[in-house]
1. Starting from residues that are in a loop (DSSP other than H, G, I, E, B), surrounded by fewer than 24 Cβ atoms within 10 Å (Cβ to Cβ) and hydroxyl-bearing (Ser, Thr, Tyr), keep the ones in region 32-74 and report whichever is modelled with the highest pLDDT.
2. Name every residue in region 127-149 that is closer than 18 Å to residue 259 by Cα and assigned to a helix (DSSP H, G or I), in order of residue number.
3. Hey, can you tell me all the residues within region 171-180 that are modelled with pLDDT under 90 and over 15 Å from residue 116 (Cβ atoms)?
4. Being within 18 Å of residue 206 (Cα to Cα), small (Gly, Ala, Ser) and in contact with an Asp or Glu (Cβ under 8 Å, 6 or more places away or on another chain) is the filter here; which residues of region 221-232 pass it?
5. Does region 105-122 contain at least one residue that is surrounded by 17 or more Cβ atoms within 10 Å (Cβ to Cβ) and over 20 Å from residue 65 (Cα atoms)?
6. Within region 183-204, is there a residue that is charged (D, E, K, R) and modelled with pLDDT under 85?
7. Tell me, which residue of region 148-163 that is touching a Cys at 6+ places or on another chain (Cβ under 9 Å) and modelled with pLDDT of 95 or more is nearest to residue 39 (Cα to Cα)?
Amino acid sequence: MVALRRLSHVRRSPNEQSALAGEAAAAAAEDHTPAPDDPRAAAFFDCDNTILRGAAIFYLGIGLYRRRFFSRRDMVRFAWQQAWFRVHGAEDPAHMADAKDKALGLVAGKRTAELEEICEEIFEDVLTRKIWPGTRALVQLHLDAGQRVWLVTAAPQEVARIIARRLGMTGALGTVAEEVDGVYTGRLVGGLLHGEAKAAAVTALARRERLELSRCAAFSDSANDIPMLALVGHPYVVNPDSALRRHARANGWRVRDFRTGRKAARIGLPTAAGLGVLAGATAAAVAIRRRQRAA
């Protein structure tokens, strides 16, 4: 991890940052489960709007706001940026930079153990109420098939581990915040685990765990995760945005939508395998803005 800290200080291209973020996420991933029955196959699940209704980073922001980590004005701005992303279907680079800088400023100088404890408190209630039952069942199907199951998310690694543990998953790949001697520096290792960085993380993990990606599956709701979905032999889309739905239809990927009663293509375990980051907060953003006007 020391080498990763040094590398994070070097100016790098976006592709290099994605690769470093992916390597850092894979290095930080922990596997505490018994040896799998099917060691060459695994499943990779996105978090926001795939497993969790809404965005993990938004729920973290709400929890930190309630603990007076930042102001109401900051919370409204953050929520509005998430809403903008959802409506437009693409990130505004300025919004992403602002959200990242704000989050890093909040944790700089704080001990990692403190944030982990706070995350446990925040997500205790969230995970009880906000998990999509259908996706949770898919996670269990892969576990029952004797495969490892990994969460892959732009949310902080500390949050990702909690969600993965509560769902009985093998482990989690999340955004890695740099720390020295148990204290956050206010920098990321590489950058957000988003888009190409997720694909890099899955590739690095597969290399470490000797997985055959052609026998693996991946699940996501967002077109941003097409690089990750395209890596595996069995890509599935869950609660897809319009761009991902179009891409799935064009490429014959199976679709499952748990948001409505309409039927979608059935998802089962793939025959061959036996098997921001910033999305999902539109309703919450509107509600907060209304409360602000009424105040």
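The values are calculated or read from the model by the stated rules, or taken from the named source; none is laboratory data. In this text the structure is predicted, and so the values were computed from the model without any measurement. As a convention, Cβ positions derive from the backbone with ideal geometry for all residues, glycine included, and neighbour counts pool all protein chains shown.
1. Taking the candidates together, the pick is 71.
2. Our first condition is that a residue be closer than 18 Å to residue 259 by Cα; within region 127-149, this holds for 127-139.
If the condition is that a residue be closer than 18 Å to residue 259 by Cα and assigned to a helix (DSSP H, G or I), then 127, 128, 129, 133, 134, 135, 136, 137, 138, 139 are the ones that fit.
3. Just the residues of region 171-180 that are modelled with pLDDT under 90, to begin with: 175-180.
Scanning region 171-180 gives 178, 180.
4. Initial filter on region 221-232 (within 18 Å of residue 206 (Cα to Cα)): 225-232.
Those still in the list that are small (Gly, Ala, Ser) too: 230.
Selection gives nothing.
5. No: region 105-122 contains no residue that is surrounded by 17 or more Cβ atoms within 10 Å (Cβ to Cβ) and over 20 Å from residue 65 (Cα atoms).
6. Looking for residues that are charged (D, E, K, R) and modelled with pLDDT under 85, one finds at least one in region 183-204, hence yes.
7. Here is the first cut: in region 148-163, the ones touching a Cys at 6+ places or on another chain (Cβ under 9 Å) are 151-156, 158-163.
Keeping just the survivors that are modelled with pLDDT of 95 or more gives 151-152.
Numbers: 151: 17, 152: 19 Å.
The residue in question is 151.
Listed here are the residues, each with its yes/no results for (1) in contact with a Pro (Cβ under 6 Å, 6 or more places away or on another chain); (2) under 17 Å from residue 234 (Cα atoms).
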| residue | (1), (2) |
| --- | --- |
| 146 | yes, yes |
| 152 | no, yes |
| 167 | no, no |
| 191 | no, no |
| 217 | yes, yes |
